[in-house]
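Structure first, commentary second.
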Amino acid sequence: MGVKSRTRAKIRKEAKKKTAVATLQNNPTSPRKARLVADLIRGKRVELALHTLKNTSKQPAEKMRKLLLSAIANWQLKNEKLRIEDADLFVNEIKVDVGRTLKRINTAPQGRAHRIRKRSNHITIILGSKSQQALESAEEEKIENNKE
């Protein structure tokens, strides 16, 4: 491994320590409906996102709220010395991917059958800290300046 790739690997490793990830697999909601709720909280501060999810009447909102609380708990495990209020956490990335589809058959008149697709999704939430993000960008600029 060269020096360049080693330094990049170290930067990536440090960045992973500063972010928190939570995933929910096979959530029995259509991905289209879950993306509507995900768009409400993308890029927002954690406190505001929790309030938004609590007051949203859509069905995937409650599961996303639990998932966001799980991501916050994961962040606390990685950063025991820091407080959440000081870190200024925000929803850095939220992805809603298609999960497995259960195919069922509904009987129809004249011997026919209609297909029912029960869709599911996978949700991934990645939290970031605005104070740490500023430090990371400064470190990257410093490394690029050293190359020249």
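FYI, it's all coordinate maths here, none of it is from the lab. On a predicted model such as this, the values are computed, not experimentally measured, just so you know. Backbone-built Cβ (ideal geometry, glycine too); neighbour counts: all protein chains shown.
Projecting the alpha carbon convex hull of the range 15-140 along each direction and taking the average yields 9.2 nm². Checking the cross-link pairs 13/54; 18/66; 10/58; 16/63; 78/103 against a 31 Å limit on the alpha carbon distance flags 13/54; 10/58; 78/103 as lying beyond it. Across the chain, the mean sequence separation of Cα contacts (distance under 8 Å, 6 or more residues apart), normalised by length, yields a relative contact order of 33 percent. The GluC sites (Glu not before Pro) of the range 1-103 that DSSP puts in a loop, and whose beta carbon has at most 11 other beta carbons within 10 Å, are 80.
What trypsin sites (Lys or Arg not before Pro) in the range 61-104 are in a loop by DSSP, with at most 10 other Cβ atoms within 10 Å of the Cβ?
Listed in order of number, the matching sites are 81, 83.
Screening the chain for whole DSSP H helices of 24 Å or more along their axis (Cα) with average Kyte-Doolittle hydropathy at least -0.5 returns 60-78. Multiplying the residue separation of residue 83 and residue 10 by 0.36 nm and removing their Cα-Cα distance gives an extension gain of 23.8 nm. Simple point charges give the picture: +1 on the Cβ of Lys and Arg, -1 on the Cβ of Asp and Glu, and for the chain a dipole about the Cα centre of about 1140 debye.
Over the Cα atoms of the range 56-124, the radius of gyration divided by the Kirkwood radius equals 1.26; this is the Rg/Rh ratio. The helix-only estimate of mean residue ellipticity at 222 nm for the chain, built from DSSP H runs of length n ≥ 4 each weighted as -39500 (n - 2.57), is -16500 deg cm²/dmol after division by the residue total.
Points 7 angstrom from Cα along the Cβ direction at residue 108 and residue 26: gap in nanometres? According to this spin-label approximation, the distance is 2.9 nm.
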